[in-house]
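Asker: Please find one structure pasted underneath; my questions will follow.
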Amino acid sequence: MDEFPRFTAAAVQTAPEYLDAAKTVQKAVSLIREAAGHGASLVAFPEVFVPGYPYWNWTMNPVAGSPWYERLYRAAIDVPGPHVDTLRAAAAATGTTVVIGVNERGKHSLGVLYNTVLVIGPDGAVLGAHRKLVPTWAEKLTWTGGDGSSLRVHQTPVGPLGVLACGENTNTLARFALLAQGELVHVANYIALPVAPKDYDMAEAIAIRTAAHAFEGKVFSVVSCSTISPTIVDTVAGDDPVARELLARPRSALSGIFGPDGRPVVEPLIDDEGIVYGEVDLARCIQPKQMHDIIGHYNRFDVFSLHVNGSVQQPLAQGPVDGQPLTGPWQD
């Protein structure tokens with residue numbers, strides 16, 4: 001690598017237009033333009049920003065929450081699809097690399113929704129669609145897990161870029177898989193989680209995870225988290241005072257940019273809506289690697305090894321029929 005990009009990164013902390021994909025995508029387009037207007041070359045959005053997070057999994061029992069799954073499924077998007085095309089056009093028009101979380105409908109089953117992170121290049125090309133490998137805790141009521149085919153580092157104008165969604169950033173092997181592919185820019189996206197156990201500080205948890213990956217890998221980490229809007233509270237909690245109190249808990253969101261020393265480049269944003277801007281200089285990743293390079297000299301690959309199954313997992317594998325390749329709607 002001869003060139004070490006220097007650029008401005010933007011971490012968006014805001015709420016979606018809840019359960020409305022078209023309005024949320026338009027909000028994203030506006031924020032992409034705003035960030036680009038402030039000089040950002042990389043714009044990161046929260047987890048499942050389009051069109052929002054299934055908070056009812058935490059506040060309702062599975063029977064009461066079941067109709068809400070259908071509502072989310074109907075509001076989710078197709079990848080590829082027209083909503084993705086709108087985001088692609090915004091990235092191309094502003095010359096920015098965009099990372100954004102979406103609820104993606106599976107092509108082969110009405111019971112399949114993916115927690116997907118899209119990576120869109122500054123030319124509007126979709127570079128990657130990473131599906132969260134393991135939904136966290138109550139999220140298993142909504143999302144199907146992805147596979148290793150999307151655990152990839154993408155070559156972008158802002159450098160080798162990898163992404164993980166929320167709790168995946170505590171998965172040591174997933175993080176190592178990205179670092180071992182030469183990741184230098186990591187984007188971690190989250191949702192505000194005020195419904196966690198009482199002793200769980202989500203803002204602190206995000207900061208710890210982000211700093212750990214940045215420090216261990218000697219990379220820059222951009223973290224984007226959603227917020228809880230009054231619309232989300234009214235929609236999910238209704239007249240339930242316990243749910244309303246949960247959703248109002250402070251310190252449920254943190255966004256920012258962290259450097260290869262594990263420290264924030266700028267002061268992170270906690271709970272409030274806004275965009276955090278930070279300067280990234282990938283040349284700062286070089287010298288720290290001399291001390292601890294866990295994908296190089298500071299490891300023992302004769303002792304440790306990691307195998308990643310990078311194949312696409314399909315519900316049906318069948319050979320050609322009469323010499324013709326088999327095609328069908330189950331192919332994802």
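Asker: With n ≥ 4 as the cut-off for DSSP H runs, can you work out [θ] at 222 nm for the chain, using -39500 (n - 2.57) per run divided by the number of residues, rounded to the nearest 500? Don't jump to the answer; show the numbers that get you there.
Answerer: Working: 9 runs with 93 residues, N = 332.
My calculation for the chain gives -8500 deg cm²/dmol from helical runs alone.
Asker: How far is it, in nm, from the label point at Leu316 to the one at Trp137 when both lie 7 Å from their Cα along the line to the Cβ?
Answerer: The answer from the label model is 3.8 nm.
Asker: Pick out, in residue order, every one of the trypsin sites (Lys or Arg not before Pro) in segment 189-247 that is DSSP loop and has at most 16 other C-beta atoms within 10 Å; say none if there are none. Kindly include the intermediate steps, with their values, before the conclusion.
Answerer: Numbers: sites: Lys198, Arg209, Lys218, Arg244; in loops: Lys198, Lys218.
Those that pass, being in a loop and sparsely packed, are Lys198.
Asker: What is the packing order of peptides 114-122, 75-83, 1-9, taking the mean over residues of other C-beta atoms within 10 Å and listing the highest first?
Answerer: 114-122, 75-83, 1-9
Asker: Something else now. Mind grabbing the accessible area of Lys23 for me, 1.4 Å probe, Å², rounded to tens?
Answerer: 120 Å²
Asker: Another question about this same structure. What do you reckon, how do Met60, Met202 stack up by accessible area (1.4 Å probe), largest on top? Walk me through the numbers on the way to the answer.
Answerer: On the way: Met60 50, Met202 5 Å².
These residues rank, largest area first, as Met60, Met202.
Asker: Taking 7 Å along the Cα-to-C-beta vector as the label spot, tell me the His292-Val308 distance in nanometres, rounded to one decimal.
Answerer: The answer from the label model is 2.1 nm.
Asker: How much of the pair distance distribution for segment 51-206 lies past 28 Å, counting alpha-carbon pairs only, in percent?
Answerer: Numbers: 2762 of 12090 pairs.
Above the 28 Å cut-off, segment 51-206 has 23 percent of its Cα pairs.
Asker: Rounded to whole Å, give me the distance from the Cα center of segment 141-181 to that of segment 22-91.
Answerer: With segment 141-181 and segment 22-91 each reduced to a Cα centre, they are spaced 19 Å.
Asker: For segment 225-275, just the Cα atoms, rotate onto the principal axes and tell me the three extents in Å, largest first.
Answerer: Extents along the principal axes, in whole Å: 46, 18, 12.
Asker: Using only the Cα atoms of segment 203-287, construct the convex hull and provide its projected area averaged over every direction, in square nanometres to one decimal.
Answerer: 5.9 nm²
Asker: For the chain, what log10 I(q)/I(0) values come out of the Debye formula at q = 0.07, 0.09, 0.10, 0.13 1/Å, with one point per alpha carbon and no solvent?
Answerer: For the chain at q = 0.07, 0.09, 0.10, 0.13 Å⁻¹, log10 I(q)/I(0) is -0.27, -0.46, -0.56, -0.95.
Asker: Taking just the alpha-carbon atoms of segment 142-255, what radius of gyration and Dmax come out, in angstrom?
Answerer: According to the Cα coordinates of segment 142-255, Rg and Dmax are 16.2, 50 Å.
Asker: Let me ask something else about it. Cβ under 12 Å from Asn171's Cβ, Asn171 left aside: what net charge do those residues give with Lys, Arg +1 and Asp, Glu -1?
Answerer: Numbers: positive: Lys132, Arg175, Arg209; negative: Glu168.
Taking every other residue near Asn171 into account, the sum is +2.
The values are calculated or read from the model by the stated rules, or taken from the named source; none is laboratory data. Small disclaimer: the values here were computed from a predicted structure and weren't measured. All Cβ positions, glycine included, derive from the backbone under ideal geometry; neighbour counts span all protein chains shown. These accessible areas exclude ligands, DNA and RNA; they are computed on the full protein's heavy atoms, side chains included. Shrake-Rupley method; radii C 1.70, N 1.55, O 1.52, S 1.80 Å.
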